[in-house]
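The structure under discussion appears below in the form of structure tokens.
Every read-out reported here was derived from the displayed coordinates using simple, explicitly stated rules and does not represent laboratory data. Everything quoted here is computed from the prediction, not taken from an experiment. We place every Cβ from the backbone using ideal geometry, glycine too, and count neighbours over all the protein chains shown.
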Amino acid sequence: MSSLREFQCEICGLVSENPTRWFVIECGDQKLSVIKWDLTAALSPTARHFCGEAHAQVYISRWFESICTPPPRHSLRTL
Ligand SMILES: [Zn+2]
């Protein structure tokens, strides 16, 4: 198996094979967690990847805004 892994920033689409200064965000309806780059966290199926603080903040802002709008009809929960 190849050990090469690429991650893509959710905001700008930047791809990196060694994103050591990136951030991982895990979020749900009630909680959002920001994690300094950690491969284990990054490989979680629910993890989102950001190339830096600025883009992590873009996502966090969207998440805050989403609290104020009604949730979509289809459920976000697939588990
Ligand atoms: Zn980015």
Q.
Please list 3J(HN,Hα) in residue order for segment 5-12, calculated via the Karplus relation 6.51 cos²θ - 1.76 cosθ + 1.60 where θ = phi - 60°; whole Hz, with x for glycine and proline.
A. 10, 10, 10, 10, 5, 5, 8, 9
Q. Can you give the FRET efficiency for Leu43 and Leu14, using 1/(1 + (r/R0)^6), R0 = 22 Å, r = Cβ-Cβ distance, to the nearest 0.05?
A. 0.75
Q) Once you put a point 7 Å from the Cα of Asp29 and another 7 Å from the Cα of Phe64, both along the Cβ direction, what distance in nm separates them? A) 2.3
